Amino acid sequence: MKKGFIKKQISNQYTIIDHETKKEFIASARGKLRYVKLESESSFNRQKTMKTKIEKTITQISPKVGDNILYADLEGHTYIEEVLPRKNDLERPDVANIDQVLLIFSAIKPEFSFVLLDKFLIIMHQQNLTPVIVITKIDLIEKEKFDWLKKQMDYYIKIGYDVYYVNSKERIGIDVMNDIFKDKITVLAGQTGVGKSTLLNAFIPGLELKTQEISDALGRGKHTTRHTELYEYKEGYIVDTPGFSKIEFQIFDERELKDYYADFKDRSLGCKFKNKCVHISEPGCAIKGAYENHEMISSRYENYLQFFDEIKHQKEKY
Ligand SMILES: Nc1nc2c(ncn2[C@@H]2O[C@H](COP(=O)(O)OP(=O)(O)OP(=O)(O)O)[C@@H](O)[C@H]2O)c(=O)[nH]1
Ligand SMILES: [Mg+2]
């Protein structure tokens, strides 16, 4: 069998690239692939934390974009015979083996959301994915508002994230990003209408992906991009994805939430109860102290409290 890589999927029709020749083929998945016996430690099971051990040994698996696969030719057709183990596996967007995620937010239209940013960062940490923050439509925001936003974002830069500001329509802020794509699978993620496809069009002139009409650019949940596809760029791939209107945590214990905050880790050494502290109402909490002393932007801690409650209530529903 030959080795390949899945570049595009439309239902059971896959575009694969041969590992050696780099030639493209159309392939379909074999029926038997739909159920594969797995070791309970397999990377396929990473998100199935709520399932029992028995369920874990037989898991339904379909090949998806980003998969490395083994394929064979039979009577003029190409069939995917086996999916090789995944490094990671996202459901939304439905892509495997991702190296980094560009979290796309518009400065305005739709309005920038710190709740969404913090939520995304938590999910990235939980999935062991490297996030890069990109803020689009900087040409549409008033100067004062932009200055305030940049000041807030300086906190995220300070705690270790890369932040880029772009005007994709006029290709401003685009070229400085070129170096981050080499040899990587990069996913563009963000709400519908934030400008993911427009950004990709700015990176790859001539691609001419469909984007929303100006009059529809208010983020009312109308999806322009409808399927997931990889585009070759800088010896790597960029994945455009349909936007979403809602994202959910895969966290089942609210006490775990703090582990996904890069800026809480070192600070919590100063908590009276060290790593037992969940930074809610414990006395001598260094995180709460930092919030009260404005050492962190207030939305950061306030969103944490909100998420903590959200997960707790979600748990009570089970
Ligand atoms: N002025 C300005 N407009 C932008 C910029 N980026 C995107 N837009 C506009 O915002 C609208 C939405 O852009 P899209 O690229 O379609 O957004 P998307 O994130 O791909 O949306 P979905 O595919 O639905 O998820 C379009 O009308 C774009 O022209 C920007 O930097 N500046
Ligand atoms: Mg799009």
Signed unit charges on C-beta, dipole axis of the stretch 254-317, positive-most listed residue Gly289, Phe307, Cys271: Cys271
Partnerless Cys - the chain, beta-carbon criterion under 4.7 Å: Cys285
Principal-axis tilt of helix 143-158 within the chain, Cα atoms, nearest 10 degrees: 80
Charge-dipole axis of the chain as Lys and Arg at +1 and Asp and Glu at -1 on Cβ define it, positive-most pick from Thr15, Gly206, Leu74: Leu74
Unit charges on C-beta of K, R, D, E only; dipole of the stretch 254-317, Debye: 260
Relative contact order (percent, whole number), the chain, Cα cutoff 8 Å, 6+ residue spacing: 14
Full-extension gain in nm, Met1 to Glu235, via 0.36 nm per residue minus C-alpha separation: 81.7 nm
For peptides 132-138, 144-150, sequence by mean Cβ density within 10 Å, most packed first: 132-138, 144-150
Value of Rg/Rh across the chain [Cα atoms, Kirkwood radius]: 1.00
Sorted by Cβ density within 10 Å, fewest first, the residues Ser281, Ser298, Ser268, Ser28: Ser281, Ser298, Ser28, Ser268
The stretch 260-318: trypsin sites (Lys or Arg not before Pro) falling in loop per DSSP and having at most 11 other Cβ within 10 Å: Lys272
Reachable aspartates and glutamates, given that their alpha-carbon falls under 13 Å from the alpha-carbon of Lys7 and they are not under 8 places away in the same chain: Asp18, Glu24, Asp67, Asp94, Glu229, Glu232, Asp240
Choice from Thr198, Thr186, Thr21 showing the highest fluctuation, given a GNM over the chain with Cα pairs closer than 10 Å: Thr21
Mean-position separation - Cα centroids, the stretch 108-130 and the stretch 236-270, in angstrom: 7
Computed over the stretch 100-240: relative contact order in percent, which uses C-alpha pairs under 8 Å that are six or more apart: 27
The chain: most fluctuating residue of Ala262, Ala72, Ala202 per GNM, C-alpha cutoff 10 Å: Ala72
The stretch 254-317: relative contact order in percent, alpha carbon pairs under 8 Å with at least 6 residues between: 28
The stretch 254-317 - convex hull of alpha carbons, volume per residue in Å³: 77
Coarse-grained scattering of the stretch 100-240 at q = 0.11 Å⁻¹, given as base-10 log I(q)/I(0) from a Debye sum over alpha-carbon atoms: -0.38
Nonlocal amide H pairs with Tyr161, under 5 Å, H built at 1.01 Å: none
DSSP beta bridge pairing in the chain, given as percent antiparallel to the nearest 5: 60
Rounded to the nearest 20 debye, dipole of the chain from Cβ charges on Lys, Arg, Asp, Glu: 660
GNM flexibility winner over the chain from Ile251, Ile180, Ile69 (Cα, springs under 10 Å): Ile180
Cα-based helix-to-principal-axis angle, 114-126 vs the chain, degrees rounded to 10: 60
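Throughout, read-outs are computed from the coordinates displayed, never taken from laboratory work. This one's a predicted model, so the numbers in the text were calculated from it and none came from an experiment. A quick note on method: Cβ atoms are made from the backbone with ideal geometry, for glycine too, and the neighbour counts reach across all protein chains shown.
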